[in-house]
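Have a look at the structure below before the remarks.
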Amino acid sequence: MSFITNLRKYVWPQIQKYPVLFYSIFILFGIRVVVDAIIRPIYFKKIIDTLSDSITEKYMLAPELFKIFTIIVLLNVFLLILARFGKFLIFKFEINVIKELRNFSFKKITSNSQSFFSNTFSGSLVTKSRRFVGSFEQMFDIFIYEFYASTIICVGIFIVIFNQSKKIGLIFILFVVVYLLIIFIFIKQKIKYDLLEAKSDSRIGGRMADVFGNILATKIFSARNQEIKLFDEITHEASNNSKKSWFFALKIELIQSVLVFTTSSTMLYYLISMWLDGRISTGTVVLVQTYMVIVFEKLWHLSNSFMRFMKSLADMQEVFDIFNTVPDILDPEVPEKLKMNKGHLVFKGVNFVYKNGQQVLKDFNLDLKAGERIGIVGHSGAGKSTITNLILRFMDVSGGAITVDGQDIRNVTQDDLRKVISYVPQESILFHRTIRENIAYGKPNATEEEIIEVAQKAYSHDFISRLPYGYETYVGERGVKLSGGERQRVAIARAMIKDSPILILDEATSSLDSVSEQYIQDAFNELMKGKTTIVIAHRLSTIQKMDRIIVLEEGKIVEEGTHKELIKKEGAYADLWNHQVGGFIE
């Protein structure tokens, strides 16, 4: 998809939200450029021509000179007011559109599937998103102050010069066309270097985020020097890409210099020749030279602006590529109204195959009655996580269907589906926000009493109360300020307050000591009442009281029953149980 198409698809709708500001900027800025660069020099020409009049007495020239002087002063005042007001409009417009782009970028990126985030550095996404917004600001400024202004100036100056001298006007327009054509060709070649530079910058951001986010592992394994070496390799590559881009820019500047020198010399020669022949006035010589200075300066900056514009374009394109990524999991175009309120969960002939062809589930059937509590066990790779991911629609079935209360989970939106599911993962995930905000994340309107109640049930209230700021304590990035057990208990409290009909616990007590685990189990028993509960467990002691235990092997149910029933069978489950030491599988 072309850049223009992407711009029209993703950026233009945000600009259209402020049409009055947008069009006012173009009208007022256009007027300002015409008055400043085209009209005002004409009056300076008149002053020069008047002063050059050697026939008329000086005292007779005074009224005309002061008249021109008054007009110039009024034009300067007008420009001053217009410039300040125009600047205000541009600031207001850019601030508003940047806010819209930030919101849109956040919304668009977060709409991607879980697999997208699993395969993408979060630091790289942050870097690209920030560059995307910054690129708009730079590109809009370049478009207004350079492209738009240069177009108006070149057209206006050509009209004035052509009226003064057709020959000089033709030389002028020929120079502009050749200049822009050559610069455009070279800048088009420079885009590939800018894209490489942008990718290198994203890699640097991604690697920094990866190391900073795993700094504990870096220190534990004494890998700091190793990371420094690897980071140096990335920055070295980025440096080489930057050199290529900058050296190419120097070549473009050299060509610019030759073109400007040649044209300015040619133009000055013709002006002197025409003045000597008496075909143009002194004021016209000054006017054309003034115009040439303005045009040369604008075109010089225009080429640099083109390069900065292309660099910003490359930065934007990275995010456009993300925007154009089709999520693995999509909501239905016409979603059904959510009817899931009891939690009767059924797998009907479910098949699941990864993209690499690996089949995990084949004709898998499972019926969980509303309010039934089951435990799922099995060795790594048996399919436990796949079942959880399919229920949450982090992945979609390859065949068959999953229904809740008779409604296919693919027929409702992902957000609606996940509203009826409370999920506590093995690795508790907390935001760098207060404990209160983390607990209430699934129910933002939760009362103080509700927050404290679930914290007590999750045996979190006591340790929270001992913290200096209590429930207002910030937990750090991913909850690093709390111990593993404390993080897990906050996550459990968060699941409790959501109060959904389906509850999934993915080894939710793995970080707890034995005493805390017993307390949490009591709390879970209360929480599970009336809820369809799935407990993924390696520690078998956590699922002994489940209504049913399912044993998976290679995506198939090989055993099911209560703890006592499965022990008596002396099959796969009994084997797992007998190999445990202190509740852990060896």
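Structure notes:
- Qualifying residue in the range 271-287 (condition: of a type in the set (A, V, I, L, M, F, W, C), under 24 Å from I183 (Cα atoms) and either buried (at least 17 other Cβ atoms within 10 Å of the Cβ) or outside the structural domain of L174 (by TED's automatic domain parsing) (or both)): no
- The range 207-242 - residue that is assigned to a helix (DSSP H, G or I) and hydroxyl-bearing (S, T, Y) and, of those, nearest to I429 (Cα to Cα): T218
- I25 vs. criteria out of contact with any helix residue (DSSP H, G or I) (no Cβ under 9 Å at 6 or more places or on another chain) and aliphatic (A, V, I, L, M): no
- Members of the range 497-507 that are part of a strand (DSSP E or B) and of a type in the set (D, E): D506
- Residue satisfying condition, being modelled with pLDDT of 80 or more, more than 30 Å from the chain's Cα centre (by Cα) and crowded, with 20+ Cβ neighbours inside 10 Å, within set M292, M316: M292
- Check on F106, more than 15 Å from D36 (Cα to Cα), within 10 Å of the chain's Cα centre (by Cα) and in the same structural domain as R203 (by TED's automatic domain parsing): yes
- Pick from the range 530-566, criterion aliphatic (A, V, I, L, M) and part of a loop (DSSP other than H, G, I, E, B), ranking: farthest from T388 (Cα to Cα): M546
- Search result, residues across the range 278-301 that are assigned to a helix (DSSP H, G or I) and more than 17 Å from V258 (Cα to Cα): T282, G283, T284, V285, V286, L287, V288, Q289, T290, Y291, I294
- Residues in the range 346-376 that are among the aliphatic types (A, V, I, L, M) and over 39 Å from the mean Cα position of the chain (by Cα) were compared, and the one that is farthest from N525 (Cα to Cα) is L366.
- Candidate set: the range 143-173, residues that are closer than 30 Å to W12 by Cβ and of a type in the set (F, W, Y); chosen: the one nearest to the chain's Cα centre (by Cα): F143
- Pairs, first more than 27 Å from V353 (Cα to Cα) in the range 554-569, second of a type outside the set (S, T, N, Q) and assigned to a helix (DSSP H, G or I), C-beta under 7 Å, six or more apart: L566/Y573; L566/A574; I567/A574; I567/W577
- Close pairs from the range 11-26: first of a type in the set (G, A, S), partner assigned to a helix (DSSP H, G or I), Cβ under 6 Å, at least 6 apart: S24/L89
- A search for C-beta distances below 7 Å between a residue of the range 77-104 that is in contact (Cβ under 8 Å) with a residue 24 or more places away in the chain and any residue that is of a type in the set (D, E), counting only pairs 6+ apart in sequence or on different chains, returns L79/D36; E94/E137; I98/E137.
- Members of the range 109-140 found to be surrounded by 16 or more Cβ atoms within 10 Å (Cβ to Cβ), within 30 Å of V35 (Cβ to Cβ) and not aromatic (F, W, Y), listed by number: Q138, M139
- Only one entry of S257, S245 meets the criterion of being of a type in the set (S, T, Y), under 43 Å from the mean Cα position of the chain (by Cα) and either surrounded by 17 or more Cβ atoms within 10 Å (Cβ to Cβ) or outside any helix (DSSP H, G or I) (or both), and that entry is S245.
- Among residues of the range 252-265 that are closer than 14 Å to N304 by Cα, those with a Cβ under 8 angstrom from a residue that is among the β-branched types (V, I, T), sequence gap 6+ or separate chain, pair up as I252/I183; I252/I187; I255/I182; I255/I183; Q256/I183.
- Within the range 112-142, considering residues that are in a helix (DSSP H, G or I) and without any contact (Cβ under 8 Å) to a residue 60 or more places away in the chain, the one farthest from the chain's Cα centre (by Cα): D141
- Scan of the range 325-362 for residues that are part of a strand (DSSP E or B) and either charged (D, E, K, R) or exposed (fewer than 15 other Cβ atoms within 10 Å of the Cβ) (or both), ordered by number: K348, G349, V353, Q359, K362
- Cross-chain or 6+ apart pairs with Cβ under 7 Å, the range 161-173 first and of a type outside the set (S, T, Y), then outside any helix (DSSP H, G or I) and buried (at least 18 other Cβ atoms within 10 Å of the Cβ): Q164/I280
The values are calculated or read from the model by the stated rules, or taken from the named source; none is laboratory data. Just so you know, these numbers come straight off a predicted model, no measurement behind them. Reconstructed Cβ throughout: ideal geometry from the backbone, glycine too, with neighbour counts over all protein chains shown.
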